[in-house]
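Asker: Quick one: this structure, given as structure tokens, is what I'll be asking you about.
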Amino acid sequence: MAFLTHFILLLLINLASSQQISNTESSSSTTTNPTTTEDCNNRWIYIRNLPSRFNLDLLTNCSEYPIFDNFCPYLANHGLGQKTHTKSRSWYRTDPLLLELIFHRRILEYPCLTNDPNVANAVFLPYYGAIDSLKYLYGPDVNSSFQHGMGLFDFLQSDEPGIWNRHMGHDHFLVMSRPAWDFCQPLDNDPPIWGTSFLELPEFYNVTVLVPEGRAWPWQEHAVPYPTSFHPPNLACFEAWIQRVRRSRRVSLMLFAGGGGIGASPNIRRSIRTECENANTSMTKDNTGYLQICHIVDCSNGICEHDPIRYMRPMLQATFCLQPPGDTPTRRSTFDAITAGCIPVFFEEMSARSQYRWHLPEEKYPEFSVFIPKEEVVFKGLKILDVLMGIPRSEVRKMRESVIELIPRVMYRRHGSSLGLRTKKDAFDTAIDGALQTIKDKLNDLSQQ
């Protein structure tokens, strides 16, 4: 009974939040935003008015997938989740699955919204595609996963079809908060295997899709950062965190926050665990300058996912944060580490360098990260410790400063944040810039054909 009461209260709270979003969206679409035309030149966005079955109604199914985590508790604060503690102003228990809701809430504050799709440079589809995919991945529709997205396409064709037909979807974009691999099952798979076929549908080939992880050869998608738990509301909170990151004493050389690596088969996570165990018993402060060589934060079985205190404090005390691939190449931990001013160490190009080109410029990776090919570690005996200890301390300080400079670009500030904080482009702003440029380039290419 207590659980049922809690669920009902939570549902009521979030339905109220949903109504606020709907009201804001309605007011946004009645008049053009008062931002000057000059400021919004080539930046106008039209938010497509979708029935709630494509977004907010999907949130009511937050506990209906027994083999998938119940995400009802994390709907609070428009998808940021509950605060980590009552006095927290910037830290939340954020679930990455709710990036779609976070993005939807933030775009309602975008200063260049228009109610006229004919003058818009881009059309945003507030479709919660990853949440909608759960019924195909974990629910009763697993054998009809090729239908994922078809309801949306049918609506776009039947309701004001001129908006879509103007550029045949080339000017449309949306967010899907799961890796692209989950949406690229070939349409001719029989029987169906893991995933849906959203990104394989010819109907959506022209749409730009923002995902937390793209494929090796992306067609429609562009990778954007996973949301961390840090969502500052104003410039004072942001600057206070930056000062804490800079002052933090780095007592550990390297840190790995994650699970896995306990099996017998050779893999990078197992190599990391073995090297950490050996290094902590054989190395001392006298010959390294660190109180601890390697710190492992055990995040097995998802225990860290909604508890940032478990890993953020250790990250603040570490110089390098190891980012080995897991089930997929990318990790939310990469962005947690950057937020903590901890220099990321990558073992695959697909973990970041070939992913987040809008947010982490490819040419700057040597300035803020270390790359060690996993094959060299797993099969050729290269020691991570030797590589990291070989970097001069002066270079390490420069790299950490470069990491700190990236923090605004990878955080999603809180909706309704102060005007001062809005002067710093965050992950959302950078994603919007990237989407607008991508769409502009596509339309230019079409005009020349």
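Asker: Give the accessible surface of region 324-411 per residue, rounded to a whole number of Å², with probe radius 1.4 Å and ligands, DNA and RNA excluded.
Answerer: Solvent-accessible surface per residue comes out at 41 Å².
Asker: With the other protein chains left in place, how much accessible area per residue, in square angstrom, belongs to region 216-299 at a 1.4 angstrom probe?
Answerer: On the way: 4050 Å² over 84 residues.
Per residue, region 216-299 has an accessible area of 48 Å².
Asker: Based on the alpha-carbon gyration tensor of region 274-368 and its eigenvalue square roots a ≥ b ≥ c, which shape applies: rounded if a/c is under 1.5, prolate if not and a/b is larger than b/c, or oblate?
Answerer: Because a/c hits 1.5 or more and a/b exceeds b/c, region 274-368 counts as prolate.
Asker: Then there's this: Which GluC sites (Glu not before Pro) from region 277-353 combine a DSSP loop assignment with at most 14 other Cβ atoms within 10 Å? Numbers along the way, then the final one.
Answerer: Working: sites: GLU277, GLU305, GLU348, GLU349; in loops: GLU305, GLU348.
Filter output for region 277-353: empty list.
Asker: Next up: Heavy-atom accessible area of THR274 with all protein chains present, probe 1.4 Å, nearest 10 Å²?
Answerer: 60
Asker: At most 13 other Cβ atoms within 10 Å and a DSSP loop assignment: could you name the trypsin sites (Lys or Arg not before Pro) in region 191-290 that fit?
Answerer: Those satisfying the criteria are ARG249.
Asker: I've got another one for you. List the GluC sites (Glu not before Pro) within region 197-228 that fall in a DSSP loop (any state other than H, G, I, E or B) and whose Cβ has at most 11 other Cβ atoms within 10 Å.
Answerer: Sites meeting the loop and neighbour criteria: none at all.
Asker: Checking the table LYS135/LYS440; LYS364/LYS442; LYS364/LYS398 against a 23 Å threshold on Cα-Cα, which pairs fail?
Answerer: LYS135/LYS440; LYS364/LYS442
Asker: Take the chain, connect every pair of alpha-carbon atoms lying under 10 Å apart with a spring to form a Gaussian network, then pick out the residue of ALA279, ALA120, ALA352 with the largest mean-square fluctuation.
Answerer: ALA279
Asker: Which cross-chain or sequence-distant (5 or more) residues have an amide H under 5 Å from the amide H of LEU255, H modelled 1.01 Å from N in plane?
Answerer: HIS295, PHE320, CYS321, LEU322
Asker: Right, something else. Name the residue, out of ASN143, ASN189, ASN115, whose mean-square fluctuation peaks in a Gaussian network model built on the chain with Cα pairs under 10 Å.
Answerer: ASN189
Asker: Starting from the alpha-carbon convex hull of the chain, give the projected area averaged over all orientations, in nm².
Answerer: Orientation-averaged projected area of the Cα hull: 23.9 nm².
Asker: Round to a whole number: what % of the accessible area of the chain belongs to carbon and sulfur, probe 1.4 Å?
Answerer: Ligands and nucleic acids excluded, carbon and sulfur give 52 percent.
Asker: Using just the alpha carbons, could you tell me how many Å³ per residue the convex hull of region 105-263 encloses?
Answerer: Value for region 105-263: 186 Å³ per residue.
Asker: What does the charge count near LYS135 come to, summing +1 for each Lys or Arg and -1 for each Asp or Glu among other residues with Cβ under 10 Å from its Cβ? Walk me through the numbers before you get to the answer.
Answerer: Numbers: positive: none; negative: GLU64, ASP132, ASP141.
Within the 10 Å Cβ shell, the charges total -3.
The values are calculated or read from the model by the stated rules, or taken from the named source; none is laboratory data. On a predicted model such as this, the values are computed, not experimentally measured, just so you know. Note: ideal-geometry Cβ built from the backbone for every residue, glycine included; neighbour counts use all protein chains shown. When the accessible area is computed, the model is the full protein with side chains, heavy atoms only, and any ligands, DNA or RNA have been set aside. Shrake-Rupley method; radii C 1.70, N 1.55, O 1.52, S 1.80 Å.
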